[in-house]
Amino acid sequence: NQKMTKKIRIAIQKSGRLNEESLQILKDCGVSIDNGRDQLKASAANFPLEVFYLRNGDIPQYLRDGVVDIAILGENVLVEKGEDISIAQKLGFSKCRVSLAVPKGTKYESVKDFEGKKIATSYPNTVINYLEQYGVKADLHIINGSVEIAPNIGLADAICDIVSSGSTLFKNNLKEVEVMLKSEAVLAVSSKIDLERQEILDKLLFRFKAVLKGRD
Ligand code: PRP
Ligand code: MG
């Protein structure tokens, strides 16, 4: 009749720009996770927490299903496919924009110019919702990466993707013409989190807030 202490299950990006800083903020919160990315799951040595390394785009569904309790992910991913999922804390890192861009030589006046155009993107919902506000309908070409080369290879007239330093746009001869949204890393919470884990989350949030205050 032993009572198992539950652990809070957190999803973080398996690889990519959020991975390192996500582990770093956990570390700054005094939560040390020993083994690296080779394993898809790891436990903290000194806090009731398990880490799951997942693909960015899969995280909203894991939260929805309650397979993980919390996650560190880009707000832009929630806008794209997790509008129902709540944010407990903005984390202040991995700031970026989600923007529309066109080849440098293209004459651009307004969003209306996207009417009937082919746009390559990994963020179809975000693009459709944005254009809809202006009554614009475009033809989307959904791809998962290397979106910025699409216009150069004749696959699309424009692209929508994340812009951080702007260097990918620059290298591909594209200009940013519409900023659709601004994003940063956030701590998101599953609506299915149980009481015991909610208590662990409260402790963790307390630490997150202290760390973020110190970073200001
Ligand atoms: C991301 C994103 C942009 C780029 C933006 O791509 O999709 O292409 O970074 O960053 P920048 O403005 O600093 O250049 P990533 O390199 O992660 O590769 P992927 O699109 O192939 O997944
Ligand atoms: Mg890219």
How big is the dipole moment of the chain about its Cα centre under a simple scheme where the beta carbon of each Lys and Arg is +1, that of each Asp and Glu is -1, and everything else is neutral? Debye, nearest 20, please. 440 debye
Please list the radius of gyration and Dmax for region 96-183, considering alpha-carbon atoms only, with Å as the unit. 11.5, 31
What is the log10 of I(q)/I(0) for region 123-164, computed with the Debye formula using one identical point scatterer on each Cα and no solvent, at q = 0.35 Å⁻¹? -1.29
Using 0.36 nm per residue of separation minus the Cα-Cα distance, give me the extension gain between residue 24 and residue 199 in nm, one decimal. 60.8 nm
Ranked by Cβ crowding within 10 angstrom, fewest neighbours first, how are 12, 162 ordered? 162, 12
Taking alpha-carbon centroids only, region 3-33 lies from region 166-216 a number of Å equal to 13 Å
Do the alpha carbons of any pairs in 14/192; 90/137; 104/137; 6/90; 6/209; 14/107 sit beyond 30 Å of each other, and which pairs? 90/137; 14/107
Using the 10 angstrom Cβ neighbour count as an exposure proxy, how do 168, 5, 106, 121 rank, fewest first? 5, 106, 168, 121
In which sequence would 109, 21 go, from the one with the fewest C-beta neighbours within 10 Å to the one with the most? 109, 21
Per the C-alpha gyration tensor (a ≥ b ≥ c, the square roots of its eigenvalues), the chain is rounded if a/c is under 1.5, else prolate if a/b beats b/c, else oblate; here it's prolate
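Quick note: the coordinates plus some simple rules give every number you see, no bench work behind them. Keep in mind it's a predicted model, so treat the numbers as computed, not measured. Every residue, glycine among them, receives a Cβ derived from its backbone with ideal geometry; neighbour counts consider all protein chains shown.
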